[in-house]
1. Name the residue that is farthest from residue 504 (Cα to Cα), counting only residues in the stretch 471-482 that are among the hydrophobic types (A, V, I, L, M, F, W, C) and in contact (Cβ under 8 Å) with a residue 40 or more places away in the chain.
2. Does the stretch 406-437 hold any residues that are over 27 Å from residue 171 (Cα atoms) and under 20 Å from the mean Cα position of the chain (by Cα), and which are they?
3. Could you give me the residue pairs with C-beta distances under 6 Å whose first residue belongs to the stretch 194-205 and is over 25 Å from residue 478 (Cβ atoms), whose second residue is open to solvent by 80 Å² or more (accessible area, probe 1.4 Å) wherever it lies, and which are 6+ apart or on separate chains?
4. Looking only at the stretch 35-61, filter to residues that are open to solvent by less than 50 Å² (accessible area, probe 1.4 Å) and not acidic (Asp, Glu); which one of those is nearest to residue 385 (Cα to Cα)?
5. Within the bounds of the stretch 160-167, is there any residue that is surrounded by 22 or more Cβ atoms within 10 Å (Cβ to Cβ) and touching a Ser or Thr at 6+ places or on another chain (Cβ under 9 Å)?
6. Say we look at the stretch 94-125 and pick out the residues that are of a type in the set (Gly, Ala, Ser) and touching a Ser or Thr at 6+ places or on another chain (Cβ under 7 Å); which of these is nearest to residue 309 (Cα to Cα)?
7. Can you name the residue in the stretch 288-308 that is of a type in the set (A, V, I, L, M, F, W, C) and in a strand (DSSP E or B) and, of all such residues, is farthest from residue 124 (Cα to Cα)?
8. Scan the helices (runs of 4 or more DSSP H) fully inside the stretch 442-509 and keep the ones with 2 or more residues being among the basic types (Lys, Arg).
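The values are calculated or read from the model by the stated rules, or taken from the named source; none is laboratory data. Since this is a predicted model, take the numbers as computed values, not measurements. Glycine also receives a Cβ, built like all others from the backbone with ideal geometry; neighbour counts cover every protein chain displayed. Note: accessible area is taken over every heavy atom of the protein model, side chains too, but ligands, DNA and RNA are not part of it. Shrake-Rupley method; radii C 1.70, N 1.55, O 1.52, S 1.80 Å.
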Amino acid sequence: MKRHITAMTTAALAASLCFSAALAADWPLPDTRDDLDAGDKARVEKVTEPTDDFSKAERFETMQGGAATTKATVNRDVFSKSSANITFAEEETFKLGNALFRKFWVSSPSSTQASDGLGPLFNARSCQSCHLKDGRGHPPEGDSDATSMFLRLARPARTPEEQARIDSYETINFPDEVYGGQFQDFAVPGLEAEGHMKIDYTEKPFVLGDGTVVSLREPTYSVTDLAYGPMGADTTLSPRIANQMIGMGLIQAIHPADILSRADPDDADHDGISGRPAIVSDHRTGEVKLGRFGWKAQNASVRDQSSGAFSGDIGISSPDAPNHWGDCSETESACLDMPHGAQARLGETEAPDPVMELVTFYSENLAVPARRDVDDPEVLRGKQVFYEAGCTACHTPKYVTSRDAENPAHRFQLIWPYSDFLLHDMGEGLADHQQVGVADGYEWRTAPLWGTGLTEVVSGHSFFLHDGRARNRTEAILWHGGEAEDARDNFANASKEDRDALITFLESL
């Protein structure tokens, strides 16, 4: 079993990330938890040790979201429950945020002045359109409607000055000069959409150790019907499906030292697994922080993730992203001539602070459902195979959240997200060749696995990975490459019984 729990000194990590002295001073990388006394530290270290006993379930393993876990009946709505330990007053805030999350925005001008401001270019009319039932999105699968999946657009730095802006965390990359940072396939009446995403799949055989052949579909992405002229020659297309929404407040409550302690950017322990932290700027304050949300960990907080989606996906301005025309570029002059939805009597932006605060609270408190069948012998066997194959080198099983978390409901909870929240090289097969801040074109954040066992129930499909190319869990594992190649091969060369047991374990999460 591979494990990667290498503590680094603050100085070594900062040096490996080319930190400027000024930025490192602004945010000294924490190498120890400052929220715990010695007694608590010992308890936390003991309870988060990876188990080596697979004869029975671990204590509290069923409650994978700690006291915030929901024990609601498993059905299509199970991802939409609030954290079980929020207060009665907070339940009202959660419900108000839910209403805004489901709200359909309309184009301006409109008689419903609190709901206008859509676009002018957009991918979806509401948060819920992509995160249906608060679950994950999917590829269009032949449907002309690509809602819940879109293309990020970016070009690399062209000059030393532009590279310096990335190195100083001022920006994560540079948008296409015509189509901006995201390709929008919808537009308000009177304006042309930017075009359409095209996906072509090629089937590729993968031969397992016992001779079984699994067919993997390899996607090729392009754009058609471009309405505003050619796209930049060095612009890269990065497909993304909407992530599931559960447990985000708990992820935010993980102490940064617990994530940084697993980083090994230079692979100093020579186990073949590096793991690099995403260092980003907070959207509102510009503070340098640890990124932990999004497919490339490009956002430091749930609020950053929310304001970015409002702007890029729906075209709604907020105090954090105050552009009323969303992702319209200067070249798209017709887009910039369209009316916007900011109402002076409501605030300076289309989604002023009360809206952002409510949606952020809702997103922070979508509960993680309880595990199922944790004592089942097949699940326990699969858990052992998962550990022994080396999957936990990146899919870190458990944490105890910070005592200093903003919301008391998220404080000092034993949680089981199965992620280290670091960036890993996943190989050429999954590469999008697009730089996003610290992440290069081969790196992705380790996706948390909690709740993925309910994907079929909540979302009605079994498409996995950042672009939904994997049609089931076996294909998702076999697409792993780069730092995860050894773990993938261990799975591929295991007996059918062990492979089936591992999948059963994943289905219990």
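1. 479
2. 410, 415, 416, 417, 418 - these are the residues of the stretch 406-437 that are over 27 Å from residue 171 (Cα atoms) and under 20 Å from the mean Cα position of the chain (by Cα).
3. 195/225; 196/225
4. So, considering only residues that are open to solvent by less than 50 Å² (accessible area, probe 1.4 Å) and not acidic (Asp, Glu), the one nearest to residue 385 (Cα to Cα) is 54.
5. no
6. Selected residue: 124.
7. If we take residues in the stretch 288-308 being of a type in the set (A, V, I, L, M, F, W, C) and in a strand (DSSP E or B), then 288 is farthest from residue 124 (Cα to Cα).
8. Correct list: 496-507.
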